[in-house]
1. State, as an integer percentage, the relative contact order of region 200-285 based on alpha-carbon contacts under 8 Å between residues 6 or more apart.
2. Tell me the mean residue ellipticity at 222 nm calculated for the chain from its helices only (DSSP H runs of n ≥ 4, each -39500 (n - 2.57), averaged over every residue, nearest 500).
3. What order do you get for 14-22, 175-183 when each peptide is scored by the mean count of other beta carbon atoms within 10 Å, highest first?
4. 7 Å from Cα along Cα→Cβ at both Glu244 and Ala228: what's the point-to-point distance in nm?
5. Under 8 Å for C-alpha pairs, at least 6 residues apart: give me the relative contact order for the chain, rounded to a whole percent.
6. Would you indicate which of (i) 91, 45, 31; (ii) 70, 62, 41; (iii) 56, 42, 37 is the value of Cα extents along the principal axes in Å derived from the coordinates of this structure?
7. Over every pair of different alpha-carbon atoms in region 188-316, take the mean of 1/r and invert it; report that Kirkwood radius in Å.
8. When only alpha-carbon atoms count, how far does region 229-272 stretch along each of its three principal axes, as whole angstroms with the largest first?
Amino acid sequence: MTQTLAPPLTAKMAGVVQRMARARQAPYHTLTPAQARAAYEKGAGVLEVPKPQLGRVEDFAIPARDGHPLPARLYAPSRAVLPVLLFFHGGGFTVGSIATHDTLCRVLSEKSGCAVVSVDYRLAPEYKFPTASNDAWDVVQFVVQRAAELGLDGSRLALGGDSAGGTLAAVCAILARDAGLPVALQVLFYPGTAPHQDTASHRRLAKGPLLDEQLITWFFAQYLHSSAEREDWRFAPLNAEDVEGVAPAWIGLAECDPVVDEGIAYADKLRAARVPVDLEIYRGVIHEFVKMGRAIPEALQAQAHAARALKEALQP
């Protein structure tokens, strides 16, 4: 059987990958979770655009169902009562934070004119499945119920995230449908949706760059108690029995990314259930590219496309 070649990187993307290789950072899967978090935090802003200054940036806490306070940060271009995007950061359920995605959330708020609430759901391995999805859903309910106190319009709500955060947003969109909570849009940057790493893109890109099979396996080993949990739709939304009636979706994928095929499969699943989907595949770029706006023009395009989708879905 012939091995399908990985698609070529753009020249600028290849340059970034070469600089990463020259930096000789220890692979995350060789580190402890705490070391991996610190390394991700250290590198998170290196390729970001300058942080937009906004009229409103506030830190607060949201209680999870067990009373644990989840740190949250609200971004808004003004103090007007605005619609809101709830954003869940990526990082394989193991790394990442409000801080690592601060610039991206600021950009989405500035470009869309909406408020953004970013949240630190609890991370693995200290908190395993399904803590992250439970925390994410608790946040959704809190923001809808307390929107007026936060100065937000809870009737105009979007859910979003990148990578594992995209998984959480997709899960919450299904839970919101079941609970009768209106969601105007789900914004999914290269979400994980499948139970196993068995697609053609996982095979093509098993050695990366950046996100490779070893790292994905390591992330999921931190998060899951057992391989059986991979089949749970709260880990793999592709396994959800029914997605009819969930919020319309804007899905932005990277062509040179192991999870691109499962992102396409999820778009197909939504469309088969008559859910409106706007699918963008950015050619020649890798997982995490949306946080590389200083170096990768496709990141700026994806940010603008997502913000436009938010504006169209949320603004009156």
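What follows draws every value from the coordinates through simple rules; no lab data is involved. Keep in mind that what you see is a predicted model, and the values were worked out from it rather than measured. As a convention, Cβ positions derive from the backbone with ideal geometry for all residues, glycine included, and neighbour counts pool all protein chains shown.
1. Values: 100 pairs, mean separation 28.1, N = 86.
In percent, rounded to a whole number, it is 33.
2. Helix contribution divided over all residues of the chain: -11500 deg cm²/dmol.
3. Per-residue mean Cβ counts within 10 Å order the peptides as 175-183, 14-22.
4. A separation of 3.1 nm, rounded to one decimal place.
5. Numbers: 651 pairs, mean separation 64.2, N = 316.
Dividing the mean separation by the residue count of the chain yields 20 percent.
6. Recomputing Cα extents along the principal axes in Å here picks out (iii).
7. When all Cα pairs of region 188-316 are included, the Kirkwood radius is 15.5 Å.
8. That works out to 29, 27, 14 Å along the principal axes.
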